[in-house]
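The values are calculated or read from the model by the stated rules, or taken from the named source; none is laboratory data. Just so it is clear, the model here is predicted, and its values are computed rather than measured. We place every Cβ from the backbone using ideal geometry, glycine too, and count neighbours over all the protein chains shown. Surface areas here come from the heavy atoms of the whole protein model, side chains and all, with no ligands, DNA or RNA. Shrake-Rupley method; radii C 1.70, N 1.55, O 1.52, S 1.80 Å.
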Amino acid sequence: MPPTIFAPDAPLISTTDAVAFEARVGLTATPKTLSPWLFYDEAGSRLFEQITELPEYYLTRTERGIFAANADEILCEAALGQGPSGKLTLIELGAGTATKTGILLAEAVRQQGSVVYQPVDVSETALAEASENILANIPGVTVRSQVADYTREALPLNRLPETRTLALYIGSSIGNFMPEDARDVLRNLRAQLLPGDTLLLGTDLAPNGGPNGNKTAATLLAAYDDAAGVTAAFNLNVLTRLNRDLKADFALANFKHRVCWNPTQSRIEMHLESVIAQRVHIPANSSGPAFVVDFARGETIHTENSYKFNSAAVEELLSSANFKKTKSWEDPQHLFAVTLATAV
Ligand code: AVI
């Protein structure tokens, strides 16, 4: 199950209505776009799981490695300033099935004896799976799941007496937001925290290019355009979803997965490129009358941005939401960073 990181921009309506709204707005815009939340239907969620295990997609295993190597220090730093009886409560935004979080929870139990964990996600199924896994494997954790969309709702934080909150926003999910939306997500979180609470943010790093730099644009391009074609299938699945949900007539063979590194914006962009000039039909639906979408040969639909950060950009983002960096950890190859910040 992927991190559920996106919410429809439409008002609160059924998922199919939201898909209809999104397709109408995005496919009639110039340039054409589709929001990345459309990736995560059942098939797309399965494909995302496969992506996280691909040899080229280093993000998931690298972040897991950073947790495994530094969990003790991360939790000690987050607890600094606590009174002797004070404990950390962990909350996680877009927790999904919380697979990597287990490392941090096990360490919290080791340090504190027990821990309360509040995963927040829009997917009830993912939360149930997370809860079941954690309760079965990590004694000492009390799970209090919250179904909520943290991108648009106030977080339902359940503050316990004499505890400090450590909020987890990991998996590079922040990178899929436009910079101003990323700031708003963190501001929404900050509004629920008290000074001294902490945030652990996972960010994928920008290419480090220098003489010892071993992360290049090619590293990133491979991660989003793997040899087995799983990411291509994940991207093209959006069109399958529009065909199914809206009875559109996209011919998948007429589109191809395109990835580029945009150095000015410091982001990977995923597009679907029309390989021929063609017309696609979308029947009437809840968002309006039938319409056609004309594609020139080579024209693309922009489906995702994945922003990559350097440490200055992480600090700037954090401070724009009233957090101050405490400490960060990277893997030996400087592919990925995990940053602890304090609410100020
Ligand atoms: C969910 N998110 C952090 C992924 C990323 O790396 O931006 C989504 C993804 N898109 C293609 N591959 C993975």
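For this structure, a couple of remarks:
- Per-bin percent of Cα-Cα distances, segment 238-299 [10 Å]: 20, 43, 27, 10
- Per residue, the accessible area of segment 255-344 comes to 45 Å², computed with a 1.4 Å probe over protein heavy atoms only.
- Max mean-square fluctuation residue, GNM over the chain, Cα-Cα springs under 10 Å, options 121, 331, 197: 331
- Whole-percent carbon and sulfur share, accessible surface of the chain, 1.4 Å: 53 percent
- Per residue, the solvent-accessible area of segment 30-90 (1.4 Å probe, heavy atoms of protein chains only, all protein chains present) comes to 45 Å².
- Translational D in µm²/s for segment 103-202 (Stokes-Einstein at 37 °C, 0.692 mPa s, Kirkwood Rh from C-alpha pairs): 225 µm²/s
- With all protein chains in place and ligands, DNA and RNA left out, the 1.4 Å accessible area ranks 261, 37 as 261, 37, largest first.
- Its residue count N fixes a reference of 2.2 N^0.38 Å for segment 48-180, and the Cα radius of gyration divided by that reference is 1.05.
- Contour excess over end-to-end distance, with Cα ends at residue 158 and residue 216 and 0.36 nm allotted per residue: 16.7 nm
- Basic side chains Lys and Arg get +1 at the Cβ, acidic Asp and Glu get -1 at the Cβ, and with that the dipole of segment 132-276 about its Cα centre reaches some 100 debye.
- If the convex hull is drawn through the Cα atoms of the chain, its volume per residue in Å³: 129 Å³
- Segment 197-318 - Rg (one decimal) and Dmax (whole number), Cα, Å: 18.2, 56
- Annotation: lysines with alpha-carbon distance below 20 angstrom to residue 215 (same-chain offsets under eight excluded): 308.
- Cα→Cβ-extended label distance, 7 Å offset, between residue 144 and residue 275, nm: 5.4 nm
- Between segment 103-127 and segment 11-41, the alpha-carbon center distance in angstrom: 32 Å
- Most to least accessible of 247, 100, 325, 308 (protein chains only, probe 1.4 Å): 247, 325, 100, 308
- Amide H to amide H distances under 5 Å link residue 118 with 90, 91, 92, 144, where only residues 5 or more positions off or on other chains count and H is placed in the peptide plane.
- Once the convex hull of all Cα atoms in segment 68-139 is built, its volume per residue stands at 81 Å³.
- Cα convex hull, segment 136-253: 238 Å³ per residue, rounded to a whole number.
- Computed over segment 301-341, relative contact order equals 28 percent, with contacts defined as Cα pairs under 8 Å that lie 6+ residues apart.
- Our note on the geometry: Cα centres of segment 266-327 and segment 158-204, 23 Å apart.
- Between helix 311-320 and the chain: long-axis angle, C-alpha atoms, 0 to 90°, nearest 10: 80 degrees
- GNM result for the chain, Cα springs below 10 Å: residue of 248, 29, 71 fluctuating most strongly: 29
- Leading residue at positive end of dipole, segment 266-344 (Cβ point charges), from 332, 278, 302: 332
- Straight-line cross-link reach from residue 32 at under 14 Å between alpha-carbon atoms covers these aspartates and glutamates, not counting any fewer than eight positions away in the same chain: 22, 269, 273, 294, 299, 304.
- In the chain, the longest principal axis of the Cα atoms and the axis of helix 42-51 are about 60 degrees apart.
- Of 261, 114, 341, farthest towards positive along the dipole that unit charges on Lys, Arg, Asp, Glu beta carbons give the chain: 341
- About its Cα centre, the dipole of segment 228-342 is roughly 120 debye, where the only charges are +1 on Lys and Arg Cβ and -1 on Asp and Glu Cβ.
- C-alpha long axis of helix 15-27 to longest principal axis of the chain, angle in °: 60 degrees
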